[in-house]
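Student: Once you've had a glance at the structure underneath, I'll fire off some questions.
The values are calculated or read from the model by the stated rules, or taken from the named source; none is laboratory data. Quick caveat, the model's predicted, so the values are computed rather than measured. Because the Cβ atoms are built from the backbone with ideal geometry, glycine has one as well, and the counts that use them run over all protein chains shown. Accessible surface areas use protein heavy atoms only, side chains included; no ligands, DNA or RNA. Shrake-Rupley method; radii C 1.70, N 1.55, O 1.52, S 1.80 Å.
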Amino acid sequence: MSIVYLNGEYLPATEAKISVFDRGFLFGDSVYEVIPFYQGIGFRLSEHLTRLEYSLRALQIKPHLQWEPILNELVRRNGGGNLSVYLQVTRGAAEKRTHSYDDTMQPTVFACCTPIKDIYTAGADDVAPMKVIVTADLRWHRCDVKCNGLLPNILVVHQANAQNADEALMMRDGKLTEGASCNVFVIQQGVIYTPKRGSEILGGTTRELIMQLADEHTIPWQEVDIDYEMLKAADEVWISSSTRGVVPVIEIDGEPVGDGDKGPLWRTMFELFIRYQQQLMTGKQ
Ligand code: PDD
């Protein structure tokens, strides 16, 4: 039985209960993070916590908690190892359902763990490439805030699955934004292109790492507007997220990307990732 964290307590998942008046449930009035832990150690934990604070500030939710000890303890109680931690903070429960809220509400804090594969000890040949569809981005205009209210995201993933694809890439005003739960990269003649950071995309922690590694190894990258033609003409396309790492896309809307196989620059980036994680893990132990 997995142990979850709820408002200061560590409990078996079946015993954790929240109010039906919780604003996270009624309005999606909440933010979240998904943080991988490898061998019990948080991977880029401080980057995730910085983004969490940013999202909380944007919604003016003020839980006033020290996150690291809470998450480390949760991971320890779930046996350590390779886990993805889901952390959600809602504005809390009022006495009745009403759109307005007051600033004194006590936030609800929930966290749970799911076992994950250690993607970075796998070889490049073990990574399953992805098929994607391209569809309209119907989300609000604060996608930089990692909030719940993920209805547009789940609907496009369902649409992708119905078309035998794994993920949906979204476009707004003719420009590529991101995937339902990942950032996106388009590779053309050895250059990594990615949509500009701003309120239309989430500032992904894995996206940041890809840029950092590219800088360290003098691989050119640029933030640019990417239209459908540029996407379809790419030599390689990648997606990135904390739980998936950097993954090659080999098919878009039923047609192959490049030669339809994992690309050479992806293999380079994947190797850099593995090395980075190994150094980080050895440094922390
Ligand atoms: N998703 N864009 C969106 C819309 C996301 O939901 C995510 C992460 C990312 C990548 O961010 P990061 O590299 O920091 O994980 C980009 C998580 C994993 C999720 O919702 O499960």
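Student: What is the residue count in the range 74-95 for residues that are open to solvent by 90 Å² or more (accessible area, probe 1.4 Å) and at pLDDT below 95?
Tutor: 1
Student: Now a separate question. Of the numbered conditions (1) open to solvent by less than 30 Å² (accessible area, probe 1.4 Å); (2) within 16 Å of the ligand (Cβ to nearest atom); (3) within 30 Å of S19 (Cβ to Cβ); (4) of a type in the set (V, I, T), V156 satisfies every one except a single condition; which is it?
Tutor: Checking V156 against (1) open to solvent by less than 30 Å² (accessible area, probe 1.4 Å); (2) within 16 Å of the ligand (Cβ to nearest atom); (3) within 30 Å of S19 (Cβ to Cβ); (4) of a type in the set (V, I, T), the one that fails is (3).
Student: What are the residue pairs meeting all of these: first residue in the range 44-55, first residue open to solvent by less than 70 Å² (accessible area, probe 1.4 Å), second residue modelled with pLDDT of 95 or more and of a type in the set (K, R), Cβ atoms under 8 Å, and 6 or more apart or on different chains?
Tutor: R51/K146; L52/K146; S55/K146
Student: Of the residues that make up the range 263-282, is at least one in contact (Cβ under 8 Å) with a residue 12 or more places away in the chain, assigned to a loop (DSSP other than H, G, I, E, B) and either on the phi < 0 side of the Ramachandran plot or of a type outside the set (A, V, I, L, M) (or both)?
Tutor: Yes, the range 263-282 contains a residue that is in contact (Cβ under 8 Å) with a residue 12 or more places away in the chain, assigned to a loop (DSSP other than H, G, I, E, B) and either on the phi < 0 side of the Ramachandran plot or of a type outside the set (A, V, I, L, M) (or both).
Student: Listed residues T218, T194, T206; which is under 15 Å from the mean Cα position of the chain (by Cα), of a type in the set (S, T, Y) and either away from the ligand (no atom under 16 Å from the Cβ) or closer than 24 Å to C147 by Cβ (or both)?
Tutor: Testing whether each residue is under 15 Å from the mean Cα position of the chain (by Cα), of a type in the set (S, T, Y) and either away from the ligand (no atom under 16 Å from the Cβ) or closer than 24 Å to C147 by Cβ (or both) leaves just T206.
Student: Does V184 satisfy being crowded, with 21+ Cβ neighbours inside 10 Å, among the hydrophobic types (A, V, I, L, M, F, W, C) and within 16 Å of the ligand (Cβ to nearest atom)?
Tutor: Considered against the rule, which asks whether it is crowded, with 21+ Cβ neighbours inside 10 Å, among the hydrophobic types (A, V, I, L, M, F, W, C) and within 16 Å of the ligand (Cβ to nearest atom), V184 comes out as yes.
Student: Are any residues in the range 201-221 outside any helix (DSSP H, G or I) and either open to solvent by less than 50 Å² (accessible area, probe 1.4 Å) or closer than 23 Å to R44 by Cβ (or both), and if so, which ones? Reasoning before the result, please.
Tutor: Residues of the range 201-221 outside any helix (DSSP H, G or I): 201-204, 217-221.
Within the range 201-221, I201, L202, G203, G204, H217, T218, I219, W221 meet the criteria.
Student: Identify all residues within the range 234-253 that are assigned to a loop (DSSP other than H, G, I, E, B), farther than 16 Å from A180 by Cβ and either open to solvent by less than 60 Å² (accessible area, probe 1.4 Å) or in contact with an Asp or Glu (Cβ under 7 Å, 6 or more places away or on another chain) (or both); write none if there are none. Give the steps one after another, and end with the answer.
Tutor: Filtering the range 234-253 down to residues assigned to a loop (DSSP other than H, G, I, E, B) leaves 234-235, 242-244, 253.
Still in the running and farther than 16 Å from A180 by Cβ: 234-235.
A234, the sole residue that qualifies.
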